[in-house]
Amino acid sequence: MRTIYTPLPELPHLDARDPGLLDAVAHGAARLSPEQGLDLLIHSPLHELGRYADLRCRDLHGDTIRTYIIDRNINYTNICTAKCIFCAFKRKGDEHDAYTLEYEELYQKVQELSDIGGTQILMQGGMNPNLSLDWYLELLNGIRERFPHVNIHSFSPPEMIEFINFFGPPGKGIIEQSQWVLNKLREAGMGSLPGGGGEIFAPAVRSKIGMGKCDMEAWLQVMYAAHSLGMFTSASMMYGHIEGYADRVHHMRMVREWQDKSLLDFGAGEEPGGHYLGFHSWPFQPDNTALGRLPHWPTEDDKLAGLDFPGDVVAQLDGSGTKELDSNFGRRLRLAGSTEYLRTQAVSRLMIDNVYTIGSSWVTMGPHIGQVALKFGANDMGSVMMEENVVSSAGTTYCLDEAVLCRLLRESGFVPAQRDSFYDVIKTHAGPESPDLMVKDWSEHRTKRLHIETAEPAPMAELTVGATDALVVNAGAED
Ligand code: SF4
């Protein structure tokens, strides 16, 4: 029977650091207001924030098990018409290393995943205008026929908008057209829709860094369309560049509001309708990207003039900030390090009270910060990493195998459990047959660092150009 969903109440009269408020939030009795979320993100003592995020996580997921999945990132093409200035992965098509994988190469990658017990592929690519709808449908059919046990977690909202523009589906507006395309892809084998291309929703930021990427409304409507069909999706955020802190909180707020809408419209409880299953966020990786070449804030001149970070001057909790508020907006970079990552993740756990999985981003932060993240609100370690192409092109990422992933979870005080795409546990590794407990020689299982040297980044001139209507997809490393 369908359960009527009721969003938690906000208590805006309370101070963000009021222990009564934080206890209520941690135990699912109240909701943070955006103002309170921002206050926590900026001012809360790090370990206090972590403690409440951990409490909330334990309230939802218990004290014992933390999960991971065995899946593989497959980036089927790097040819892309978009110009995201944070991307070091894309090629125009005439470079020596531009590629579109053949079906047989793609099947081989899925076979390798299947051979190690994998259950999901995360398949995303650049916006390649040479690929037809039939190319995608044949690929999905081919994978499903050969590997019916592997969930195809594929594409992203910006890719869906690209499909709408390229394939001209029937329907009025983005939601109906997305439903038509999604139905075709699902009939061919697509299982779920990852949340790539979320970046930062606020229009002022989005139009600067994702030149031409679909806007926030389109991104959220595609996801709503997927939910209307009963599909499960995820949401993402990439921060630590030109955005202000309020932009991050606005982003979390929008995910929460649209999750409310899906749960209200399509059902919650024991047998819920489609909705977001997880939220994943990670800091921008600057190497080999045009965005990464911006001056870091504060420059000597900024210090002398006592200037605030331009992103904070522009950012508003309702997303209404405009670039006119600061002439330096989009011209200064504020990277996020480990503590910033932990703070942001902890606030996402507390703010987005209706999305139950928060993923640890060990892929970008490294395995050990990934472990710490398990005490800052994360309940899932994501996937073993067999290959990664997108973020590795813009900075170091890490590859590790199942035994190491289990060891990291166990060392953090949890029993590792392999899950499927829908966060249902497949195997709990409590006994001596666990992948990590069977290892005799750890030298065989060292974490590998990936860092792909790439061609020249986009010219700096692009950094100051405003939005275009071209469409952009982020082939993100995590979903
Ligand atoms: S992030 Fe994705 S859509 Fe953007 S330029 Fe890179 S490959 Fe293209």
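The values are calculated or read from the model by the stated rules, or taken from the named source; none is laboratory data. In this text the structure is predicted, and so the values were computed from the model without any measurement. For neighbour counting, all protein chains shown are included, and Cβ atoms are generated from backbone atoms with ideal geometry for every residue, glycine included.
Condition (residue is closer than 27 Å to Phe89 by Cβ, within 16 Å of the ligand (Cβ to nearest atom) and of a type in the set (S, T, N, Q)) applied to the stretch 224-243: is it met by at least one residue?
yes
Given Lys208, Lys213, Lys184, which one is within 12 Å of the ligand (Cβ to nearest atom), of a type in the set (Lys, Arg) and touching a residue at least 24 places away in the same chain (Cβ under 8 Å)?
Lys213
Consider Gly230 against the criteria (1) of a type outside the set (A, V, I, L, M, F, W, C); (2) assigned to a helix (DSSP H, G or I); (3) surrounded by fewer than 21 Cβ atoms within 10 Å (Cβ to Cβ): it satisfies all of them except one. Which criterion is unmet?
All conditions pass for Gly230, except number (2).
Filter the stretch 74-113 for residues that are touching a helix residue (DSSP H, G or I) at 6+ places or on another chain (Cβ under 9 Å) and under 30 Å from Ser434 (Cβ atoms); which is nearest to the ligand (Cβ to nearest atom)?
Ile74
Please state which of the following conditions Pro148 fails to meet, knowing it meets all the rest: (1) within 16 Å of the ligand (Cβ to nearest atom); (2) without any contact (Cβ under 8 Å) to a residue 12 or more places away in the chain.
For Pro148, the exception is condition (1).
Given (1) part of a loop (DSSP other than H, G, I, E, B); (2) under 26 Å from the mean Cα position of the chain (by Cα), where does Leu307 come up short, assuming only one miss?
(2)
Within the stretch 327-335, can one find any residue that is farther than 30 Å from Asp420 by Cα and not in a loop (DSSP other than H, G, I, E, B)?
Yes, the stretch 327-335 contains a residue that is farther than 30 Å from Asp420 by Cα and not in a loop (DSSP other than H, G, I, E, B).
Checking Arg58 against (1) under 23 Å from the mean Cα position of the chain (by Cα); (2) closer than 21 Å to Val363 by Cα; (3) among the charged types (D, E, K, R), which single condition isn't satisfied?
(2)
Does Thr339 qualify as being in contact with a strand residue (DSSP E or B) (Cβ under 9 Å, 6 or more places away or on another chain), of a type outside the set (Lys, Arg), assigned to a helix (DSSP H, G or I) and under 25 Å from Leu46 (Cβ atoms)?
In short, no.
Give the residue, chosen from Phe201, Phe232, Phe155, that is of a type outside the set (Val, Ile, Thr) and in contact with a Pro (Cβ under 8 Å, 6 or more places away or on another chain).
It is Phe155.
Identify the single condition in (1) farther than 28 Å from Glu402 by Cα; (2) away from the ligand (no atom under 16 Å from the Cβ); (3) touching a Lys or Arg at 6+ places or on another chain (Cβ under 7 Å) that Arg56 does not satisfy, given that it satisfies every other one.
Of (1) farther than 28 Å from Glu402 by Cα; (2) away from the ligand (no atom under 16 Å from the Cβ); (3) touching a Lys or Arg at 6+ places or on another chain (Cβ under 7 Å), only one is false for Arg56: (1).
So which residues in the stretch 152-202 are assigned to a loop (DSSP other than H, G, I, E, B), out of contact with any helix residue (DSSP H, G or I) (no Cβ under 8 Å at 6 or more places or on another chain) and within 24 Å of Phe279 (Cα to Cα), if there are any at all?
Answer for the stretch 152-202, where residues must be assigned to a loop (DSSP other than H, G, I, E, B), out of contact with any helix residue (DSSP H, G or I) (no Cβ under 8 Å at 6 or more places or on another chain) and within 24 Å of Phe279 (Cα to Cα): Ser156, Pro194.
Within the stretch 358-373, identify whether any single residue is modelled with pLDDT of 95 or more and in a loop (DSSP other than H, G, I, E, B), and answer yes or no.
Yes: one or more hits.
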